[in-house]
Each structure stands twice: as structure tokens, then as C-alpha cells.
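The values are calculated or read from the model by the stated rules, or taken from the named source; none is laboratory data. These numbers come from a predicted model, not from an experiment. Cβ sites come from the backbone with ideal geometry, for glycine too, and all protein chains shown count toward neighbours. Keep in mind that these areas ignore ligands, DNA and RNA; they rest on the heavy atoms of the full protein, side chains included. Shrake-Rupley method; radii C 1.70, N 1.55, O 1.52, S 1.80 Å.
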Protein chains: 4
Amino acid sequence: MTYILIGIIGDSETDNYEELEFAEKLGEELAKRGYAIICGGRGGVMEAVAKGAKKYGGLTIGILPGFDKSEANPYIDVVIPTGLGWARNSIVALAADIIVAIGGKSGTLSEIAYAWMYGKKIIAVKNFGGWAQKLAGSRIDERRDDFILPATTVKEVISYISSFLNKTKKDS
Amino acid sequence: MTYILIGIIGDSETDNYEELEFAEKLGEELAKRGYAIICGGRGGVMEAVAKGAKKYGGLTIGILPGFDKSEANPYIDVVIPTGLGWARNSIVALAADIIVAIGGKSGTLSEIAYAWMYGKKIIAVKNFGGWAQKLAGSRIDERRDDFILPATTVKEVISYISSFLNKTKKDS
Amino acid sequence: MTYILIGIIGDSETDNYEELEFAEKLGEELAKRGYAIICGGRGGVMEAVAKGAKKYGGLTIGILPGFDKSEANPYIDVVIPTGLGWARNSIVALAADIIVAIGGKSGTLSEIAYAWMYGKKIIAVKNFGGWAQKLAGSRIDERRDDFILPATTVKEVISYISSFLNKTKKDS
Amino acid sequence: MTYILIGIIGDSETDNYEELEFAEKLGEELAKRGYAIICGGRGGVMEAVAKGAKKYGGLTIGILPGFDKSEANPYIDVVIPTGLGWARNSIVALAADIIVAIGGKSGTLSEIAYAWMYGKKIIAVKNFGGWAQKLAGSRIDERRDDFILPATTVKEVISYISSFLNKTKKDS
């Protein structure tokens with residue numbers, strides 16, 4: 001069975017308790033539904049999501065920039081060091097079936113740009129600033145007709161994901 | 001002598017005559033000063049800049065996404081196919097000493113994000129829409145204190161480049 | 001729990017029944033011991049190993065060269081398209097904890113070279129020609145003191161893996 | 001005018017005076033004929049070839065593994081840091097029109113494997129051991145009908161290059 005991979009991108013360093021709690025709760029809900037998490041494998045929201053997912057036996061995959069598996073946070077099951085530096089951001093965006101952005105600085109921005117290029121559905125959480133908030137509800141360019149979907153609750157994120165996946169199933 | 005590499009990013013497909021003329025004129029002025037051009041090697045502003053540079057014997061380098069040298073526009077002297085797809089955007093940003101953005105869609109946005117991560121000075125031309133215009137005068141995140149410099153004329157772009165390079169020389 | 005990743009490299013196109021049977025049997029034995037499989041995700045020995053692993057509920061990860069998840073063989077659980085072309089060979093070698101080579105042409109050779117650079121233990125199956133057979137028992141260069149370990153049975157491969165992992169555990 | 005790029009791969013660390021002299025002489029002869037050098041940009045034969053090329057005004061391009069331009073040897077004109085680690089070996093092989101291998105350890109082996117995959121003509125100098133010597137006169141796999149051409153003098157290398165380029169011109 002091929003896993004559905006939900007790509008989580010966003011702040012790798014944050015001490016915003018509400019943001020981390022949101023990410024952890026999101027990880028829980030994704031795991032309950034059998035989705036796997038793919039992310040950059042490091043700290044902040046990536047760690048919080050993975051931590052939440054592991055509470056419910058979810059599978060977590062970390063695509064690291066460096067050469068050393070110890071870069072990964074402790075909740076990553078499949079640790080993939082790439083040695084590619086930040087060029088690895090392209091892989092996270094490409095391997096995910098759907099992208100969820102939470103907060104986010106320049107690295108997150110590059111991942112949103114890639115996800116748009118690769119035709120991936122993007123959900124942006126508006127609550128925690130960063131590029132996720134700035135781009136929620138907008139389009140990266142006119143090559144696509146759809147928008148980056150704005151979400152403010154975990155429930156909304158899950159609801160978007162479910163409806164995308166149902167639509168994909170019907171289309172194929 | 002190691003070349004100073006000016007990275008040109010922006011619309012790979014455009015029929016905006018003024019935008020292409022701006023890019024070509026910029027290529028001329030860069031070549032006159034002995035700077036080499038590094039870019040994605042394809043059409044639009046990348047081709048126009050390279051065309052301008054070649055009028056004055058400038059050196060032009062194209063970092064292609066695919067495997068085939070014939071993807072390059074006819075004004076590229078050093079054709080480097082990478083086979084990396086859009087992950088090559090990271091290389092353009094990293095190899096450039098200074099970045100100039102003109103127009104630009106999702107690919108340009110990823111390159112601006114990378115240039116910011118890599119600490120490169122970024123000049124954004126405001127005249128032709130796209131991400132260059134949207135981001136001119138702003139910061140990608142708070143990790144850097146400086147701004148993406150807004151320019152509206154070729155002269156301004158050249159002036160920014162000269163002052164950066166003079167500053168770098170004095171600092172080292 | 002972080003998975004131990006056994007990297008399988010070798011012929012992506014082969015109709016040698018014994019080779020495919022060896023790979024499938026190896027996949028079974030790896031899965032029984034809780035090891036995950038990481039490979040290039042495509043046909044030949046990669047498919048056979050993954051098929052074997054799935055019989056015993058093993059986890060299989062495919063690092064694809066292209067952009068399209070449908071490139072993966074049907075036994076891959078975690079499909080990671082990289083869009084990097086053959087540069088992805090570096091990731092397979094780097095992400096694996098131990099490498100097993102079976103047969104193999106130029107792509108396998110590049111992966112063996114990378115695995116050597118990255119300090120990974122390499123086991124080469126001697127039965128099916130290719131670079132695995134040619135390099136079994138030899139060293140790639142004098143930077144390492146050890147050898148590419150020659151194996152002729154699945155049991156030997158498993159035995160090498162167990163002893164490496166026990167040694168690693170004791171060392172750390 | 002698009003440059004013909006001769007890819008030089010081989011020992012990045014060597015104090016074999018004859019090997020370095022061979023590489024420097026080769027760089028001189030390539031530059032005299034207007035060919036540009038593309039290489040990994042670092043020490044050993046890469047530095048010696050670039051040094052020779054610069055004596056005759058040749059153009060030299062270095063594709064670096066890391067993020068820092070200062071990694072390049074002092075004879076590189078166009079310094080391209082990739083940040084890709086050893087995955088950059090794929091780019092050197094792909095961007096070169098013809099590959100010349102001199103000595104060489106595991107990194108060189110990966111580059112020869114890539115050059116073979118990408119259909120590049122490969123000339124291997126037999127005088128200085130390493131993978132160049134081991135593979136001279138042989139084939140990497142049966143997917144290609146030709147051989148890695150063995151050379152023992154600079155004159156032979158140049159002669160092979162000239163005949164390849166003449167053949168390519170006639171074919172196209």
C-alpha cells in the first residue's frame with residue numbers, strides 16, 4: 001500500500017507554544033487517518049507534527065539537508081539525509097501529495113514556490129504569521145487557477161485534505 | 001581572474017517588449033564592466049540579457065534544468081545542463097555574487113528565496129510586475145536586516161551593483 | 001523508532017530468474033527482521049526485493065529519479081520522486097545504513113562509489129555478474145581499510161548485516 | 001560562441017610530480033585549441049589542468065561541492081558552488097562534452113560511471129594508477145558498444161578529442 005504523504009513545511013525554529021500545539025494536534029489527526037508525514041526532518045513545526053503523529057502510530061519521513069542522520073528530530077521513522085543542502089527543499093515539495101504550511105521563513109517560501117510549480121495543493125495556516133499567513137488565499141502566479149487555501153483550525157486543514165483526496169479518487 | 005557573476009532571474013516566457021529591452025540593455029552594461037552573467041540559460045529575460053552581454057563580448061553562463069545542451073538560448077557561452085530539474089534554481093542563486101530579478105513567476109520566487117537564504121544581495125526591477133515587483137523594497141524574513149533593493153532603471157541596477165562590489169572590496 | 005534502512009542496488013532490468021528469486025528471498029528475510037528497504041524504486045532487483053519484503057509486512061522506500069510517482073514499482077510504500085535524474089543515486093547510498101549490491105551496470109557502479117565515499121558497509125552478491133561481482137572482495141580506493149564483502153547466499157548477506165549492526169550497537 | 005567543455009576528473013590530492021605535470025601540460029594544449037576546462041574546481045589534477053590552461057588564456061570552470069567560492073583553486077575563472085555535496089559529480093560528467101580521467105579514487109569512479117550513463121566519450125590516462133588506469137580500454141557495461149579510450153601521452157589525449165569533435169561535426 002502506497003502511503004499518502006502530507007508534506008509539512010514551516011518554522012524550523014519557534015517557541016510559539018500555540019503554533020507547536022497546532023502542529024502536534026495536526027500530526028495526531030493525520031496519523032489517525034493513516035496519512036504519513038513528510039517534512040524536512042528537523043525542529044520546530046516539523047518536530048511537533050512528527051511528535052503528534054507518533055502518538056497514534058503514524059509514519060514520519062524526514063528529508064534532511066545534510067549528511068548526518070543525527071540531524072533528524074527524535075520522532076522521524078525514516079531518516080533520509082540527502083547531502084544536497086537547501087536544494088532538498090525541492091524534494092519535500094515534490095514527494096508530498098498535499099502541502100500544509102505553518103508560519104515559515106525563506107526556506108518555507110522556497111518550498112511553497114516549488115509546490116506551486118509541481119502542481120501540488122497547498123494549505124496555508126493563517127494563525128502564526130510567516131509566509132503561510134502572507135500567501136494564504138492568494139496565487140503564486142497565473143499559471144494555476146486555484147489558490148493557496150487558507151485555514152485557521154486543524155479541522156479545516158483535515159477537511160481540505162479529505163476533499164482533495166476524494167476528488168483525486170473520483171477523477172482517476 | 002575569477003569572474004564576478006551577476007545572476008539574472010525572471011520571466012522565461014514574456015513578449016513584453018519593454019521588459020526584454022530592459023534586460024538586453026542591462027546585459028550590455030554588465031558586459032561593458034566585465035561582469036559575467038549567470039542565469040537559467042533559457043528564454044525570456046535570460047535570453048535578452050545574454051544577447052545584450054554578447055554585443056560587448058561579455059561571458060554568459062547557463063545553468064539548465066534538463067540533460068540537453070540544446071535547451072540553452074543561443075547567447076550562452078558556457079552551457080551547463082544539470083539534470084536536476086527545478087532543484088537547479090538553488091545553484092543559480094548560490095553561484096551568483098549579486099542577483100537581479102526582473103518580473104518572475106514561481107521559479108523566480110524560489111530563486112529569490114534561495115538568494116535570501118544564501119545571503120546574496122538582491123536587486124528587484126519594479127517595472128514589469130511579477131515577484132520582482134511584489135518583493136522590491138521588502139524583506140523575505142527577519143533573519144537579514146537589509147532589503148531587496150528596488151530599481152526602475154538599468155542605471156540604478158548598475159549603480160547598486162557597483163556600490164555592493166566596492167563595499168565588498170573594502171570589507172575584505 | 002527510527003528504521004534501519006538496507007539499501008538495495010543492482011540491475012533495474014533483468015530477466016534472470018535466479019537473480020530475481022535471490023532478491024525476493026532477501027526482501028523476505030530483511031522484512032522478518034524489521035529492517036526497511038531503501039532503493040531506487042524501479043524494476044528488476046529493486047522490485048523483487050520490495051515484493052519479498054511486502055510478504056512479511058516490511059517497509060519499502062523508493063527514491064525515484066523522475067517527477068512522477070507512477071515510476072515506482074507496485075511494492076513501494078513510500079514513493080519519493082526527486083526530480084534529480086541520476087544524481088538521486090547519491091541519496092540512495094547516503095540514506096542507507098548498509099548497502100547490498102546485486103548484479104548492476106553503470107548506475108549501480110555510481111552507487112557503490114558513493115556508498116564507499118560515505119563510509120557505508122557494502123555487501124556484494126557474486127552470483128549474478130555485473131559490478132557487484134566484479135568488486136566483491138576488493139576496495140574502491142585506499143581511503144578505507146575494509147573491503148566490499150562478497151556473499152553468495154541470502155544467509156550470508158543477512159549474517160553480515162547482523163554482525164555490522166551488532167558491532168555498531170557495541171561501538172556506540 | 002558556445003565553448004566546448006572538456007571535463008577533467010581525477011585525483012584531487014596527489015603529490016605525484018609527473019601526474020601534475022601531465023595535467024598541467026594537458027591544460028596548456030586544451031587552451032591553445034580554444035577548449036574550456038570544466039572540473040570539480042579543487043586541488044590535484046584539477047588545479048594543475050586549470051593552471052596550465054590559464055598560461056594560454058583558456059577558460060576554466062569549477063563545479064564545487066560546497067557553498068563557498070573560496071573552495072576553488074586559484075586558476076578557476078567561473079566558480080560555481082553547488083551546495084550539493086558529491087551529487088555535484090553528476091553535473092561535471094553531464095556538462096562536459098568529453099571526459100578525461102587521470103588517476104582517481106571513489107569520486108572519479110562515480111564520475112566515470114555518470115559519464116558512461118550520459119553517453120559521453122571518456123579518455124583514461126593509464127600512467128598514474130587509480131580508476132583511470134583500471135578502466136582504460138574497458139567498458140562499464142554492455143549498454144554501449146565503445147570503450148573507455150586508453151591514453152599515455154598528452155598528444156594522444158588531444159588526438160582523441162580532435163577526432164571525436166570532427167566526427168561530431170560531420171554527424172550533425
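Could you tell me which of the residues A:GLU19, A:GLU13 is part of a helix (DSSP H, G or I) and either touching a residue at least 12 places away in the same chain (Cβ under 8 Å) or acidic (Asp, Glu) (or both)?
One residue alone meets the criteria, A:GLU19.
Pull out all pairs, ordered by first then second residue, where Cβ-Cβ is under 7 Å, the residues are six or more apart or on different chains, the first lies in the range A:132-161 and is under 11 Å from A:TRP116 (Cα atoms) and modelled with pLDDT of 95 or more, and the second is surrounded by fewer than 15 Cβ atoms within 10 Å (Cβ to Cβ) and among the polar types (S, T, N, Q).
A:PHE147/A:SER138; A:ILE148/A:SER138
Tell me the residue from B:ALA36, B:ALA23 that is open to solvent by less than 40 Å² (accessible area, probe 1.4 Å), under 17 Å from B:TRP131 (Cβ atoms) and among the aliphatic types (A, V, I, L, M), please.
Of the residues listed, the single one that is open to solvent by less than 40 Å² (accessible area, probe 1.4 Å), under 17 Å from B:TRP131 (Cβ atoms) and among the aliphatic types (A, V, I, L, M) is B:ALA23.
Would you pick out the residues in the range C:70-85 that are touching a Gly at 6+ places or on another chain (Cβ under 9 Å) and farther than 20 Å from B:PRO81 by Cβ?
Correct list: C:GLU71, C:ALA72, C:ASN73, C:TYR75, C:ILE76, C:ASP77, C:VAL78, C:VAL79, C:ILE80.
Can you confirm whether C:SER138 is within 23 Å of C:ARG42 (Cα to Cα) and more than 11 Å from the chain's Cα centre (by Cα)?
For C:SER138, the condition - within 23 Å of C:ARG42 (Cα to Cα) and more than 11 Å from the chain's Cα centre (by Cα) - is not met.
Across the range C:31-63, what is the number of residues that are in contact (Cβ under 8 Å) with a residue 40 or more places away in the chain, within 11 Å of another protein chain (Cβ to nearest Cβ) and assigned to a loop (DSSP other than H, G, I, E, B)?
Here the count works out to 1.
Kindly indicate which of C:ASP15, C:ASP11 is within 14 Å of another protein chain (Cβ to nearest Cβ), at pLDDT below 95 and either more than 24 Å from A:LEU94 (Cβ to Cβ) or open to solvent by less than 20 Å² (accessible area, probe 1.4 Å) (or both).
C:ASP11
If a residue must be open to solvent by less than 10 Å² (accessible area, probe 1.4 Å) and either in contact with a Cys (Cβ under 6 Å, 6 or more places away or on another chain) or not hydrophobic (A, V, I, L, M, F, W, C) (or both), how many such residues does the range B:46-63 contain?
Number of matching residues: 4.
Can you name every residue in the range C:86-105 that is out of contact with any Ser or Thr (no Cβ under 7 Å at 6 or more places or on another chain) and free of Cβ contacts under 8 Å to residues at least 24 places away in the same chain?
Within the range C:86-105, none qualify.
Tell me the residue from A:ASN89, A:ASN73 that is more than 27 Å from C:GLY66 (Cβ to Cβ) and at pLDDT 95 or above, please.
Going through A:ASN89, A:ASN73 in turn, the sole match is A:ASN73.
Regarding the range D:74-89, can at least one residue be identified that is within 25 Å of D:GLY58 (Cα to Cα) and under 13 Å from the mean Cα position of the chain (by Cα)?
Looking through the range D:74-89, at least one residue is within 25 Å of D:GLY58 (Cα to Cα) and under 13 Å from the mean Cα position of the chain (by Cα).
Quick check on the range A:91-107. Is at least one of its residues under 20 Å from C:ASP97 (Cβ atoms) and not β-branched (Val, Ile, Thr)?
no
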